[in-house]
Amino acid sequence: GIVLAHNVRSPGEVDAIVAAAADAGATVTRPPAETFYGGYAGCFRDPDGHIWEVAHNPGFTLADDGSLILPDFGIGT
């Protein structure tokens, strides 16, 4: 299987989205909590059975349009 990931701008957004998903019928499979990488994330299974991770990763920036800006990992240097 796969897990669909949704990156957000803050831990509060993680809490709000996971709570809204639960209110809409999703099953929370991992309540939001701090992660080993210094972020914050939670997971839920939607009514169709898809697993979603909602995460705030302080190392990844989101552009104004919501697209993910990955850090320079030094590839090619």
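The values are calculated or read from the model by the stated rules, or taken from the named source; none is laboratory data. Since the model is a prediction, treat every value here as computed from it, not as a measurement. Glycine gets a Cβ as well: all are built from the backbone with ideal geometry, and neighbour counts include every protein chain shown.
Key figures for this structure:
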| quantity | calculated |
| --- | --- |
| Checking ARG45 against (1) at pLDDT 90 or above; (2) under 18 Å from GLY12 (Cα atoms), the condition it does not meet | (2) |
| Failed item, numbered, when PHE60 is tested on (1) at pLDDT below 90; (2) loosely packed, with under 12 Cβ neighbours inside 10 Å | (2) |
| So PRO32, is it surrounded by 13 or more Cβ atoms within 10 Å (Cβ to Cβ) and not in a helix (DSSP H, G or I) | yes |
| Candidates VAL14, VAL18, VAL28 - the one that is of a type in the set (Val, Ile, Thr) and either closer than 18 Å to LEU68 by Cα or touching a residue at least 40 places away in the same chain (Cβ under 8 Å) (or both) | VAL14 |
